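Following: one structure in structure tokens, then a few remarks.
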Amino acid sequence: MTIKNPWPIYYKKDVITHYCPGCGHGIVHRIVAEVLEELDVGRRAICVNPAGCAVLAYQYFDIDMLESAHGRGTAMATGIKRSRPDLFVFTYQGDGDLSAIGTAETIHSANRGEQICVIFINNAVYGMTGGQMAPTTLIDMKTTTTPKGRTARVDGFPLHITDVVATFPGVAYAERVAVNGPAGINRTKKAITTAFQTQIDGLGYSIIEVLSPCPTNWKLNSIDSFAWITDVMAKEFPIGVLVDRRRKQADAD
Amino acid sequence: MSKVFMSGNHTFAEAAIRAGCRCYFGYPITPQNELGEYMAANMANVGGVFIQSESETAAINMVIGAASTGARAMTSSSSPGVSLKQEGISFLAGFELPAVIVNVMRGGPGLGNIAPAQGDYFQATRGGGHGDYRTPVFAPSSVQEAADLTAIAFDVADRYRTPVMILADGMLGQIREPVVFPDPIGELPEKEWALKGRGDGPSRYMASLILDALEMEKHNWKLVRKYEEIAKNEVRCEQFMLDDAEIVAIAYGTTARIAKGAINRLRKDNIPVGLLRPISLWPFPKNEIIDLTKRVRKFIVFEMSTGQMLEDVLLAVQGRAEVQFHGRPGGVVPTPIEFSRILYREYQILQKGRNGASHS
Ligand SMILES: Cc1ncc(C[n+]2csc(CCOP(=O)(O)OP(=O)(O)O)c2C)c(N)n1
Ligand code: SF4
């Protein structure tokens, strides 16, 4: 087999990744870089990267980048896009960033139908700070702040924020995918391509939730992490298109 | 342009638009709602952006986003809302991004009330968010000055790539006065550091994260050098009837107007009192006060707080003269008569001390 594009142009050369072995961030980074190239938007793109393991994403993406305060990515992206509608703007956020501290910004940017894309990495934990509970942590899942496993009584239930924003009329496209093997990775690329195209076509807000392995904090090897996504995580967070209003948005214009 | 009659809040907005501000983000809070409302009504006419954000936190982060593209961006709020903006202001300082933040102060702490107050001086002048930074702070005391300082604030923000705060209070926000606006500025020079997509050039990033402590220290000292430049060039203050003044009041914003009223009364009776009015609160007109200590024995600090600018005055005076304080916190607006009584009493004490000294 030959690799079609061995090194996407919007991925920096000669950098050593800081992500743990088997981490999903690196996989999604590569996908994003490929899609930026294939849709030819990298030259006018700005990525807002989060506080979280992807805080160093600017070491890898060879496009203009703005770091965000924890959770505020979609507010910053709003400011960029409204100020410069000709730019292609997307955020890249973890589940703590997007669905805990940044919930209000997530909800309201989606509800305003901002013309941005959101890449939402759901790894069910806070990776960067050492594996604490996230809003997405599964019931019974052990984390450093749920040492006996998450209980609904104390910590509530896993938060399905993408399903929530998918109900908003301003959201043009929402899909949940998983990097849990070659098929899942291909589907993730298709979903991100669709999301990016949605912004290029001026059809509104799109969000792609990616179930993504964090082998370090799950205390699994990378193969078992893939399997855990398929067997456990995807049962709580089913894969699929959550909403597709692109036609409707186009008709509305 | 001819004179118009306008409130302070509307004036901040109109002056910002004339200064080329094309992005305003804010969340309603009294006593500054008219500022956002004016932006909502007028931004679209100049092709600008107005968003009523979901919170003050979101607003300041929208400002960061817009500022990162080189736009002149602004947000405004009142005390509780400005507390929520502090994380974002710290990021602006770290990123070295220009922006203008208007705080129309009200009584506090907590929700406090909606009456004019000056309790946010520490927060404004000490870099109210986390980390080692400063924010230039300008304090207008009339509607005309609100217009003038808004234009200056945007220029200073761009020149030094720093967030700038305008510190007003509910009184200035609400009063209506005649004001003459400067003509709208033309095209602004392009900001070569702004993010605009890499195009065919190298990519750029703005990050405040500097994990290497030695590099972070370097960044901190770099910011300090910038703050030293600002301290050298951007001090502004008004000297009112100081030439022969034996007692000098120090007050800013609305309180300074009230103090002027008191001084005008006393001057009718030939009582030699004057006013030093800091217009820039940071950088503080420290040298001007030090100069005065060469001949003035007594200063009286008036504030609508329990004594915050007082500390800057004490730092400048360094024991070389007597410093008295009179404050009305919590939204109480003092009167000129109240101030004039205090000034007169202190003048009498000074006289007595002098006569006593000459007899001995
Ligand atoms: C205001 C604020 N609170 C807390 C933090 C610490 N912090 C940094 S990243 C993070 C959570 C990261 O988890 P997630 O968003 O799920 O991303 P991941 O690291 O798993 O990719 C936290 C709590 C911070 N930087 N700022
Ligand atoms: S801690 Fe988890 S999310 Fe962070 S780099 Fe390691 S594997 Fe990836």
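Only the coordinates and a few stated rules stand behind these numbers; no lab work does. Nothing here was measured: the structure is a model prediction, and the numbers come from that model. FYI the Cβ positions are ideal-geometry reconstructions off the backbone, even for glycines, and counts take in every protein chain you see.
Summary table
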quantity	calculated
Zone residues, the stretch B:68-91, relative to B:L315, backbone N less than 19 Å from point 7 Å out along Cα-to-Cβ	B:90
Square roots of 5 times each gyration tensor eigenvalue, C-alpha, the stretch A:25-252, largest first, Å	27, 18, 17
Protection-proxy order for peptides B:72-82, B:102-112, each taking the mean of Cβ atoms within 10 Å per residue, highest first	B:72-82, B:102-112
Ranked by how many other beta carbons lie within 10 Å on average, peptides A:204-213, B:116-125 from highest	A:204-213, B:116-125
Reach of A:K12 by Cα under 18 Å, taken over lysines that are not fewer than 8 positions away in the same chain	A:K4
Per principal axis, descending, Cα span of the stretch B:1-128 in whole Å	38, 36, 25
Chain B: angle of helix B:56-68 to the longest principal axis, Cα-based, in degrees nearest 10	60
For the protein assembly as shown, alpha-carbon Rg relative to the globular expectation (2.2 N^0.38 Å, N residues)	1.11
Order by protection proxy (mean Cβ within 10 Å, highest first), peptides B:148-157, A:130-139	B:148-157, A:130-139
Shielding by partners - mean other protein chain Cβ count within 10 Å, residues of A:83-95	3
Inter-site label distance for A:T2 and A:A252 at 7 Å from Cα along Cβ, in nm	4.5
Sorted by Cβ density within 10 Å, fewest first, the residues B:E303, B:E229	B:E229, B:E303
Percent of beta bridges antiparallel (DSSP, the protein assembly as shown, rounded to nearest 5)	25
Partners for B:K260 among lysines (Cα-Cα distance below 19 Å; same-chain residues under 8 apart left out)	B:K268, B:K298
Radius, Kirkwood style, for the stretch A:133-185 when every pair of distinct Cα atoms is counted (Å)	13.1
Chain A: antiparallel DSSP beta bridges as a percent of all, rounded to 5	25
Projected label distance in nm at A:T151 and B:W193, using a 7 Å step from Cα toward the beta-carbon	5.2
On Cα atoms only, tilt of B:253-268 relative to the major axis of chain B in degrees	30
Semi-axis lengths, Å, the stretch B:3-233, gyration tensor of Cα atoms, sqrt of 5 times eigenvalues	27, 21, 16
